[in-house]
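Okay, so here's the structure we're looking at.
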Amino acid sequence: ELFLRAARLDIDDLGNDTSDGLHITAMSGAWLAVVQGFAGMKTTGGALEFRPYLPRQLAAYSFIINYRGTSMRIEISARGIKATRLGRCAIRIQLYKNTYLLEKSCECALEADCR
């Protein structure tokens, strides 16, 4: 409920004050809730680690992150996780404690091994 309130604060003009400007802190809080909260992103041993969770209220979510000069798209849905490297360099990531060298893309089920 709090995530949706932050994410939709300006879209729904909940405070009747969007004409005065956007609530940047609510936007960044919603982004952090998705990336660090739902996706469980943190740095571990020099690699990005993800432990995604898909709330039942969401069909899917995705975001693009830049880490150490390489961009990647992370997509989480009921089908699983898809990590796609967008930058030039390969990058090491962890999905549920399993480490992968992301050269192109990697897909796996939620809370399962990525093969």
Might you check whether a residue that is of a type outside the set (Phe, Trp, Tyr) and within 22 Å of Leu2 (Cβ to Cβ) occurs anywhere in segment 76-88?
yes
Residue by residue through segment 49-71, note down the ones that are more than 11 Å from the chain's Cα centre (by Cα), more than 22 Å from Ala90 (Cβ to Cβ) and open to solvent by 30 Å² or more (accessible area, probe 1.4 Å).
Arg56, Gln57, Leu58, Ala59
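The values are calculated or read from the model by the stated rules, or taken from the named source; none is laboratory data. Predicted, not measured: the structure shown is a model, and the values here were computed from it. Reconstructed Cβ throughout: ideal geometry from the backbone, glycine too, with neighbour counts over all protein chains shown. Protein only, heavy atoms only, side chains kept; ligands, DNA and RNA dropped before computing areas. Shrake-Rupley method; radii C 1.70, N 1.55, O 1.52, S 1.80 Å.
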